[in-house]
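The values are calculated or read from the model by the stated rules, or taken from the named source; none is laboratory data. All values reported here derive from a predicted model rather than from experimental measurement. Neighbour counts are summed over all protein chains in view; Cβ atoms, including those assigned to glycine, are modelled from backbone coordinates with ideal geometry. All accessible areas refer to the heavy atoms of the entire protein, side chains included, with ligands and DNA or RNA removed. Shrake-Rupley method; radii C 1.70, N 1.55, O 1.52, S 1.80 Å.
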Amino acid sequence: MASPQDSFIFLFLDGVGLAPASAQNPLAAANAIPYLTSLLGMPLIQGCDQQTPTLLCKPIDACLGVPGLPQSATGQTSLYTGRNAPEFRGQHQTGFANGSLRPLIEEWGLFKRVLQLGGTATMANLYSPQYFEAIANRRVRYSVGTLLTLTAGLPFRMQYEYEQGEAIFWDITGDFARYRGIAAAPITPQEAGKRLATLGGQYTVTLFESYLTDFAGHDQDIDQAVRVLQLVDAFLESVITHLPSHVTLVVSSDHGNLEDLSTKKHTLNPVPLLVVGKAAAAFQSVTDLTGITPTILSLVGQSQSGPEKWQSILQSLLKSSLPPYKTASSPEKKRAKSSSKSPFLGEIRRGFAEQLANNKLLKRSLNPLAKTAPPE
């Protein structure tokens, strides 16, 4: 297990941006995020800027200089690699991390780089045999987080680990996992937070992904959005309450959505970077999605290798780059483009629509810009 000097929990909340207070912004609702509002001294909206030695909250850019609305695949790839994925692709890419993004993840993935520095890493999310069966049968393709784990050669957490308290489902409580027959009785957000904090104390980097916020944004239902935020708020309170002293919690998102229920589409708004713990001040210089992973790696490198050795490693990392996507050969381009238009996309959406029809909390919008089914 990791040294108790510098460890990190990376909590990914899908589709959360920062916007002004309005009737269409559930983050501004008085009863939505009481714990976070108390912690930050204000709601998680535009203007939220808090910097102390152990607490940081600031807006960071999700557009990355590429025209169009930020999307899931390129946004998450940028978060987990520190590379500008939409610039590499020449566009923002929604849905799965298909072949065109895999080179970035294989070369620059956070988990693989942590292992190379002598640290340990884990994905806290619960997976199921059905998910990998669907992958094998080409009914779905890998998510960015799944590829991050796979390319690093790390194991996935399965049902027996969930039952032992060592995994969390993407909906935090596991209600949907029980509905699908993947796991047993659901847990409270408080228990889920305690699980994540405990795992975070055992590894150098622990990643957990939740998609509830993005689903609520696409559904454009203010009451549902507030309920989702209350659940997330209770979860975050528990994580922070149980956070070991050597662990820093990093929370961010891939694009805006939930903060503006007037539209089903993603937004151009910045996303929040919330950091709680001993290393919070080190993230002050992060300005966009590409800054989080290099900062984590810098701190891990100093802890594992000593500051002088790490400085040379960091400099080489920052100077090196992959060629832009447009320089790939024509056949490679065609394969990548065709892979982003999978005929299974409609089937996945229809299947999830049917399964979630009777569960409003977990219901999601299936519009063309929404992300495809999350891993399970």
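Entry remark, region 89-122: residues being in contact (Cβ under 8 Å) with a residue 40 or more places away in the chain and open to solvent by 30 Å² or more (accessible area, probe 1.4 Å) number 11 in total. Count of region 127-141 residues, restricted to those that are in contact (Cβ under 8 Å) with a residue 12 or more places away in the chain and in a loop (DSSP other than H, G, I, E, B), is 6.
Within region 172-186, residues that are touching a residue at least 40 places away in the same chain (Cβ under 8 Å) have Cβ atoms under 8 Å from residues that are of a type in the set (Ser, Thr, Tyr) and crowded, with 22+ Cβ neighbours inside 10 Å in these pairs: Ile172/Ser210; Gly174/Tyr162; Ala177/Tyr162; Ala183/Tyr162, counting only partners at least 6 apart in sequence or on another chain.
For region 242-263, filtered to residues that are in contact with a Gly (Cβ under 8 Å, 6 or more places away or on another chain) and open to solvent by 40 Å² or more (accessible area, probe 1.4 Å), the residue that is nearest to Leu199 (Cα to Cα) is His242.
Being over 20 Å from the mean Cα position of the chain (by Cα), open to solvent by less than 20 Å² (accessible area, probe 1.4 Å) and over 16 Å from Thr149 (Cβ atoms) is true for just one of Ala62, Ala134. Which residue is that? Full working, then the answer.
Working: Ala62 fails: over 20 Å from the mean Cα position of the chain (by Cα).
Sole residue among the options that is over 20 Å from the mean Cα position of the chain (by Cα), open to solvent by less than 20 Å² (accessible area, probe 1.4 Å) and over 16 Å from Thr149 (Cβ atoms): Ala134.
In region 143-178, the residue that is surrounded by the fewest Cβ atoms within 10 Å (Cβ to Cβ) out of those that are of a type in the set (Phe, Trp, Tyr) and in contact with a strand residue (DSSP E or B) (Cβ under 8 Å, 6 or more places away or on another chain) is Phe156. All told, Ala19 falls short of being of a type in the set (Gly, Ala, Ser) and exposed (fewer than 15 other Cβ atoms within 10 Å of the Cβ). Cβ-Cβ contacts under 6 Å between residues 6 or more apart (or on different chains), taken from a first residue in region 12-34 that is touching a residue at least 40 places away in the same chain (Cβ under 8 Å) to a second residue that is assigned to a helix (DSSP H, G or I) and open to solvent by 10 Å² or more (accessible area, probe 1.4 Å), are listed as Pro26/Ile222; Pro26/Val226; Ala29/Val226; Ala32/Val226.
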